[in-house]
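The values are calculated or read from the model by the stated rules, or taken from the named source; none is laboratory data. Every value quoted in this text rests on a predicted model; they were computed, and no experiment measured them. All Cβ positions, glycine included, derive from the backbone under ideal geometry; neighbour counts span all protein chains shown. Keep in mind that these areas ignore ligands, DNA and RNA; they rest on the heavy atoms of the full protein, side chains included. Shrake-Rupley method; radii C 1.70, N 1.55, O 1.52, S 1.80 Å.
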Amino acid sequence: MSNGIKYLLGAIVGGALVFMYPMLQNDGGGQQAVVKTAEISYPRVPDSDYKLPSFSSRDGFVPVVGRHGMVSARESIATEIGADILRKGGNAIDAAAAVGFAMAVTYPQAGNIGGGGFMVVHLAKENKDIAIDYREMSAGAARHDLYVEDGKVNQTLAKYSRKSSGVPGTVAGLALAVQKYGTMSLADVIAPAYKLAHEGFPVYTQLEVSLARSKERLGADPAASKVFYKADGSNYRTGEILKQEDLAVSLKAIMDEGTSAFYTGSIAEKIAADMAANDGIITMEDMAAYKVYEREPVRGTYKGYDIVTMPPPSSGGVHMIEMMNMLENDDLKAKGHNSAAVLHLYIEAMRQAYADRSLYAGDPAFFDIPVAALIDKKYAAEMRARIPMDRARDSSEVAPTKDLPYESPQTTHYSVMDSEGNAVSNTYTLNFGFGNGIMATGTGILLNNELDDFDALPYEPDENGNISGKANAQEPHKRPRSSMTPTIVLKDGVPFLITGSPGGGTIINTVFQTVMNVLEFDMNVAAASSKARINHQWMPDMTTIESGVSQDTLDILKAMGHKFNAGERTLGSTNSIIYEDGYYYGAADPRSMDALTIGIN
Ligand code: GLY
């Protein structure tokens, strides 16, 4: 008996199922239709079918287990806040919004209200999936050559000036989520963050290290320097209390006045004044013009599972599904996890997906992105047929050579699921760690440098009509391409895996491998989060491999013509949850210090 049928029978036995009917889900992308069921009550396993939690502890990786919900996030104080909300009866959306606001205080490396991101939500009762796009938006005065001086990109302007900042989307995004799909007020989900900013919190090891490492940049900005270093200029040590009074005032204004405080009120005024005084270009009109979008998630299927993930302007979902489609008909499991044959296929699928991404990823309001074609299974089969099994291709065989912009690995992801079956997968960022390192005067808010994700020098069409860069050239009120890939995998219409990662351009590959580790290689969520990862982005034609892949495997791949980056590097930092047989299994990536997963029991 399939799990789905078993759960439904269980729900009927428990008298909890109100009404159900089969529904044909049109995925809009030429994918196979998926039968879902409408209203399903939780907990999903009745007492008559009670089982002890089960997972394989092979490889020594063991997940956190919860019975009534779970929060997994990159920073532990914020994780506790999310868990506390679930324990008190808030839903996953309440908890996710509270974690997002709390990390703006406790994880200033990437948590933010001065940046933006993407949230994928599964609503259990409505059996509905939503993608919330709260990506930053460029100012009205933005131009494709905003950072170009003497024909070259001025990297300081593009990365470390106020001109690198887009209008932040986080406040609008988290507010929309909680006001439309939560059970608590916006003020109540911000309250813990306000308290942390006002009363302070003990600095933890990773924050001490990050602040010490970023001192040159943060120390150069008077407002950021005042907040993040002591009056005598020395560093905060682990355990010392860090207070952020200006940020507390900003959070209180949003609690009292709602999002209007941020987009048209006192905070907008301070940001616009700070921009005007410092050669920035965001105005009050730009702040007021910000829009958060609820989008239809991009959907795929893999061996019977439904993949629900982020559509453009993130490139993440489309190209992850493209890679999964390419490999769906290979028996990867038989070839062996991280074997040379599997890694060869991964690299070649990545090569194709990232080549396509360079041409077709951007803001859908400005550029017609062929999403349906890119996630079409027939297209994937054609692309798979082009992969030779005995040699690496040169990237020039796959698409024309172009230099691609650097994408910062600093972002953060968290996953939440509640006892009702609602799930949230959220990735948000300031782009670089601490954004551009500039704090808008009087706000306590670090500004993003997300506009560096635009292609600063858009290319003209080449002789083949390829338009690399055009889709992602900066224009007024446009959103830059992202790689963020917050993802929910459904099994029989129920959230099965919730995952996502930071990592700039590498995010798509990290999430892809995490999902494949679970769906293809049957790993528990902790093992799936821990295994060595690889990254190839078409250009440059080099693969990064984490330690943990054997020398024999690397030798085989090298003999096939694959080229590897030298040196040690870690890829990504996932926070993931698996829901199975009524249990929540979670794992924070072992690559990250101070990350935490809490199961609600
Ligand atoms: N700034 C990283 C991303 O959006 O993918």
Original post:
How many of the residues making up segment 111-145 are in contact with a helix residue (DSSP H, G or I) (Cβ under 7 Å, 6 or more places away or on another chain), more than 22 Å from Ala440 (Cα to Cα) and within 16 Å of the ligand (Cβ to nearest atom)?
Top reply: 2
**OP:** Take Ala98 and decide whether it is of a type in the set (A, V, I, L, M) and part of a loop (DSSP other than H, G, I, E, B).
**Re:** no
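Residue under question is Asn426, and the condition is that it be on the phi < 0 side of the Ramachandran plot, modelled with pLDDT of 95 or more and away from the ligand (no atom under 16 Å from the Cβ); does it hold?
On the way: on the phi < 0 side of the Ramachandran plot: yes; modelled with pLDDT of 95 or more: yes; away from the ligand (no atom under 16 Å from the Cβ): no.
Criteria not met by Asn426.
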Subject >> Test set (1) assigned to a helix (DSSP H, G or I); (2) under 27 Å from Ala277 (Cα atoms) - Leu176 fails condition number >> reply: (2)
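Among the residues of segment 429-453, which ones are outside any loop (DSSP other than H, G, I, E, B) and within 11 Å of the ligand (Cβ to nearest atom)?
Start the filter on segment 429-453 by keeping residues that are outside any loop (DSSP other than H, G, I, E, B), which leaves 429, 439-440, 445-446, 450-453.
Correct list: Thr429, Glu450, Leu451, Asp452, Asp453.
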Original post:
Quick check: is even one residue across segment 468-477 within 23 Å of Leu146 (Cα to Cα), more than 11 Å from the ligand (Cβ to nearest atom) and at pLDDT 95 or above?
Top reply: yes
**OP:** Would you please list the contacts, defined by Cβ atoms under 7 Å and residues six or more apart or on different chains, that run from a residue in segment 501-515 that is under 22 Å from Gly435 (Cβ atoms) to a residue that is near the ligand (Cβ under 8 Å from one of its atoms) and acidic (Asp, Glu)?
**Re:** Gly504/Glu407; Gly505/Glu407
**OP:** Kindly indicate whether Tyr107 is open to solvent by less than 30 Å² (accessible area, probe 1.4 Å) and at pLDDT below 95.
**Re:** no
**OP:** With a cut-off of at least 1 residues that are farther than 20 Å from Leu345 by Cβ, among the acidic types (Asp, Glu) and open to solvent by 10 Å² or more (accessible area, probe 1.4 Å), name the strands (runs of 3 or more DSSP E) lying wholly within segment 525-601.
**Re:** 575-580
**OP:** Give just the number: which of (1) free of Cβ contacts under 8 Å to residues at least 12 places away in the same chain; (2) of a type in the set (A, V, I, L, M); (3) open to solvent by 30 Å² or more (accessible area, probe 1.4 Å) does Val342 not satisfy?
**Re:** (3)
**OP:** Could you tell me whether Ala224 is small (Gly, Ala, Ser), over 21 Å from Phe118 (Cα atoms) and buried (at least 22 other Cβ atoms within 10 Å of the Cβ)?
**Re:** yes
**OP:** State all residues of segment 493-524 that are more than 21 Å from Asn565 (Cα to Cα), within 16 Å of the ligand (Cβ to nearest atom) and not in a loop (DSSP other than H, G, I, E, B); if no residue qualifies, say none.
**Re:** Thr499
Subject >> Unmet criterion (only one of (1) closer than 30 Å to Asp84 by Cβ; (2) assigned to a loop (DSSP other than H, G, I, E, B); (3) among the small types (Gly, Ala, Ser)) for Ser210 >> reply: (2)
Original post:
Residue check, Ala353 against (1) buried (at least 21 other Cβ atoms within 10 Å of the Cβ); (2) modelled with pLDDT under 95; (3) over 22 Å from Ser592 (Cβ atoms), all met but one. Which one?
Top reply: (2)
Subject >> Answer residue from segment 369-385, given it is charged (D, E, K, R) and in contact (Cβ under 8 Å) with a residue 24 or more places away in the chain and is nearest to Leu327 (Cα to Cα) among those >> reply: Arg384
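Got at least one residue in segment 115-124 being surrounded by fewer than 24 Cβ atoms within 10 Å (Cβ to Cβ) and assigned to a loop (DSSP other than H, G, I, E, B)?
So in segment 115-124, the residues surrounded by fewer than 24 Cβ atoms within 10 Å (Cβ to Cβ) come out as 123-124.
With the extra rule that they be assigned to a loop (DSSP other than H, G, I, E, B), the set shrinks to 124.
Checking segment 115-124: at least one residue is surrounded by fewer than 24 Cβ atoms within 10 Å (Cβ to Cβ) and assigned to a loop (DSSP other than H, G, I, E, B).
Answer yes or no as to whether Asp394 is charged (D, E, K, R) and surrounded by fewer than 17 Cβ atoms within 10 Å (Cβ to Cβ). Give the steps one after another, and end with the answer.
Values: charged (D, E, K, R): yes; surrounded by fewer than 17 Cβ atoms within 10 Å (Cβ to Cβ): yes.
Here the answer is yes, as Asp394 does meet what is asked.
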Original post:
Which of the residues spanning segment 64-89 are open to solvent by 10 Å² or more (accessible area, probe 1.4 Å) and in a loop (DSSP other than H, G, I, E, B)?
Top reply: Arg67, His68, Arg74, Lys88, Gly89
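Going by the conditions given, is Ile508 surrounded by fewer than 23 Cβ atoms within 10 Å (Cβ to Cβ) and modelled with pLDDT of 95 or more? Break it down stepwise before answering.
Working: surrounded by fewer than 23 Cβ atoms within 10 Å (Cβ to Cβ): no; modelled with pLDDT of 95 or more: yes.
Against the criterion (surrounded by fewer than 23 Cβ atoms within 10 Å (Cβ to Cβ) and modelled with pLDDT of 95 or more), Ile508 does not qualify.
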